[in-house]
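> My questions all concern the structure below.
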Amino acid sequence: MANDKEVAHGASSKKPNPNPKNAKKKEVKKETGLGLSNKKDENFGDWYSEVVVNAEMIEYYDISGCYILRPWAISIWETMQVFFDAEIKKMKIKNCYFPLFVSPGVLQKEKDHIEGFAPEVAWVTKSGDSDLDVHIAIRPTSETVMYPYYSKWIRGHRDLPLRLNQWCNVVRWEFSNPTPFIRSREFLWQEGHTAFATQQEADKEVLEILELYRRIYEEFLAVPVIKGKKSEMEKFAGGLYTTSVEAFIPNVGRGVQGATSHCLGQNFAKMFEINYENEKGEKAMVWQNSWAYSTRTIGVMVMVHGDDKGLVLPPKVASLQVIVIPVPYKDVDMQAIYQACSSTVNALEEAGFRVEADIRDNYSPGWKYSHWEMKGVPLRIEIGPKDLANKQVRVVRRDNGAKKDISMDGLVDGVKNLLSEIQESMLNAAIQKRDACIEKVTTWDEFVIALNKKKLILAPWCDEEDVEKDVKARTKGETGAAKTLCTPFDQPDLPEGTLCFASGKPAKKWTYWGRSY
């Protein structure tokens, strides 16, 4: 016999047409059994794990750190993919696919790079019962997979730029705290790998891609991010410099590296001999970039927007933007209410909205409200006898619970405006919460106080690696050490004579610090 969750998942219908006679015979389930047992402010980790399972985004798998991504999550990934894929194609970047497996000789060719990933590399050592003579690595990222072939394909200046992207999975095995979406052993991402004749071209692309990542977070997921540059310690192993978009989770006071766009310089070109003949007939090395965002984006969205009722989805990425629910009363012509629900679904579908009606007659309206609130559907439409009589519908927002009556004549425009308002309101609310956590400090004592208050700390820094290592060592504890998150491109004024908060040396820049995932 299916449990309540299974029944709830598969039984809604886009085109309601039930038999009202059967409806009276079935037992209506009034208890929800859907509430969360953990609160976001009290037990964030358990709350998060509960939300992603109960909202039917993931299912735990029998291998630690690996998760099944269910349709409710994959639909969000697909929405972002459609946007990003179209944008990079406008930039003349082409999609490709390279194998999952990497030979050890190639993997170890770029020493600095592989040292950065060595603890995370998973190896294939057997075929059936036979040991492999040569162990084969599973890609943690694809620089060493792709670049031997870039060396083969790039011969002259007319072969440049070479701009490829692949949508794929990667495996990174070593970590202590697996978290769905945020830290998993296998995850989905896109990875772009490009080669240019000049650093100027490479630098330009780094920032163009970073802006697309900002748009994914802010325009689609309604999550504010800071664009900036990583420190030398935190940059991509083997790269020249790394830029990133950084998100922040106020409830736990942790930063999240949202996505990265790296300029690799000529380091990999030198190792993999990616040379070309320039217009003067001289031998030259290419300049390269790599950039990626992953399904981590979905976890950040859940953490930022979710509440004690479950998931809260921004309308732009919600696979279901509107749920229509009939509200039955005794001695009422339910057929007319069901017909109104059907007409509402049809009108909104024709206008391009993602909408369904939940006409299951073995669940009470209250159960359905809780179920769809758990799944984060942005807008709920309720239709009962009074709504029919007044030729209106009752709409309820998921983000703030606000209720409003809309005339059936103005349904499409009303829903369009509300969804737009929800998207904007969610971003603004997230910005306010994030900004309330930012604390500007100038001394070590202020830094420690702010760190203990789970703040996102902006501090003047001398930009020395030894100082960064010292800050990590001095703040190490059960909840992890503080580190640089990024140096924001949008730099506040740095008065002459400003000193580094940690070393007392002359400060060179303002940098964000904090604990991170």
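The values are calculated or read from the model by the stated rules, or taken from the named source; none is laboratory data. These numbers were taken from a predicted model, which means no experiment stands behind them. Here Cβ is always computed from backbone atoms with ideal geometry, including for glycine, and neighbour counts include all displayed protein chains. Ligands, DNA and RNA are excluded from the accessible area calculation, which covers all protein heavy atoms including side chains. Shrake-Rupley method; radii C 1.70, N 1.55, O 1.52, S 1.80 Å.
> Of everything in the stretch 264-284, what is open to solvent by 20 Å² or more (accessible area, probe 1.4 Å) and in a loop (DSSP other than H, G, I, E, B)? Give them in sequence order.
Of everything in the stretch 264-284, those that are open to solvent by 20 Å² or more (accessible area, probe 1.4 Å) and in a loop (DSSP other than H, G, I, E, B) turn out to be Q266, E273, N278, E279, K280, G281, E282.
> Name the single residue, out of those in the stretch 249-263 being open to solvent by less than 10 Å² (accessible area, probe 1.4 Å) and part of a strand (DSSP E or B), that is nearest to V302 (Cα to Cα).
Ranking the qualifying residues of the stretch 249-263, first place goes to I249.
> So, I422, is that one surrounded by 19 or more Cβ atoms within 10 Å (Cβ to Cβ), at pLDDT 95 or above and out of contact with any Ser or Thr (no Cβ under 9 Å at 6 or more places or on another chain) or not?
yes
> While we're looking at this one, here's another question. Can you pull out every residue in the stretch 153-172 that is farther than 28 Å from L188 by Cβ and either without any contact (Cβ under 8 Å) to a residue 24 or more places away in the chain or open to solvent by less than 40 Å² (accessible area, probe 1.4 Å) (or both)?
Correct list: I154, G156, R158, L160.
> Additional query: For the stretch 231-246, which positions are touching a residue at least 40 places away in the same chain (Cβ under 8 Å) and either in a loop (DSSP other than H, G, I, E, B) or surrounded by fewer than 22 Cβ atoms within 10 Å (Cβ to Cβ) (or both)?
S231, E232, M233, E234, F236, A237, G238, G239
> Based on this model, can you work out whether S370 counts as under 22 Å from P314 (Cβ atoms), among the hydroxyl-bearing types (S, T, Y) and either out of contact with any His (no Cβ under 7 Å at 6 or more places or on another chain) or surrounded by fewer than 17 Cβ atoms within 10 Å (Cβ to Cβ) (or both)?
In short, yes.
> I need the full set of residues from the stretch 385-406 which are basic (K, R), open to solvent by 30 Å² or more (accessible area, probe 1.4 Å) and either touching a residue at least 40 places away in the same chain (Cβ under 8 Å) or closer than 17 Å to Q335 by Cα (or both), in order please.
Residues satisfying the conditions are K386, K391.
> Just to verify a result, which residue in the stretch 462-502, among those that are among the polar types (S, T, N, Q) and open to solvent by 60 Å² or more (accessible area, probe 1.4 Å), is farthest from I449 (Cα to Cα)?
Of everything passing the filter in the stretch 462-502, Q491 is farthest from I449 (Cα to Cα).
> Is the stretch 15-31 home to any residue that is at pLDDT below 95, under 30 Å from I337 (Cα atoms), open to solvent by less than 60 Å² (accessible area, probe 1.4 Å) and of a type in the set (G, A, S)?
Yes, the stretch 15-31 contains at least one residue that is at pLDDT below 95, under 30 Å from I337 (Cα atoms), open to solvent by less than 60 Å² (accessible area, probe 1.4 Å) and of a type in the set (G, A, S).
> Among (1) touching a helix residue (DSSP H, G or I) at 6+ places or on another chain (Cβ under 9 Å); (2) in contact (Cβ under 8 Å) with a residue 24 or more places away in the chain, which single condition is P365 missing?
(1)
> Counting only residues that are farther than 23 Å from L207 by Cβ and open to solvent by 60 Å² or more (accessible area, probe 1.4 Å), how many does the stretch 503-516 have?
2
> Determine the pairs where a residue that is touching a residue at least 24 places away in the same chain (Cβ under 8 Å) and among the β-branched types (V, I, T), located within the stretch 349-362, has a partner that is part of a strand (DSSP E or B) and buried (at least 23 other Cβ atoms within 10 Å of the Cβ) with Cβ atoms under 7 Å apart, the partner being 6 or more residues away or on another chain.
Short answer, once both residue conditions are applied: V355/V322; V355/V324; I359/P326.
> Quick check on L188: is it under 17 Å from the mean Cα position of the chain (by Cα), open to solvent by 30 Å² or more (accessible area, probe 1.4 Å) and of a type in the set (A, V, I, L, M, F, W, C)?
Working: under 17 Å from the mean Cα position of the chain (by Cα): yes; open to solvent by 30 Å² or more (accessible area, probe 1.4 Å): yes; of a type in the set (A, V, I, L, M, F, W, C): yes.
Criteria met by L188.
> Let me ask something additional. Is it the case that some residue within the stretch 461-468 is modelled with pLDDT of 95 or more and touching a Cys at 6+ places or on another chain (Cβ under 6 Å)?
Checked against the condition, which is being modelled with pLDDT of 95 or more and touching a Cys at 6+ places or on another chain (Cβ under 6 Å), the stretch 461-468 yields at least one hit.
> Whether any residue in the stretch 35-53 is of a type outside the set (D, E), part of a loop (DSSP other than H, G, I, E, B) and modelled with pLDDT under 90 is what I want to check.
Looking for residues that are of a type outside the set (D, E), part of a loop (DSSP other than H, G, I, E, B) and modelled with pLDDT under 90, one finds at least one in the stretch 35-53, hence yes.
> Can you tell me which residue among V300, V317 is of a type outside the set (S, T, N, Q), more than 20 Å from H371 (Cα to Cα) and either in contact with an Asp or Glu (Cβ under 6 Å, 6 or more places away or on another chain) or touching a residue at least 12 places away in the same chain (Cβ under 8 Å) (or both)?
V300
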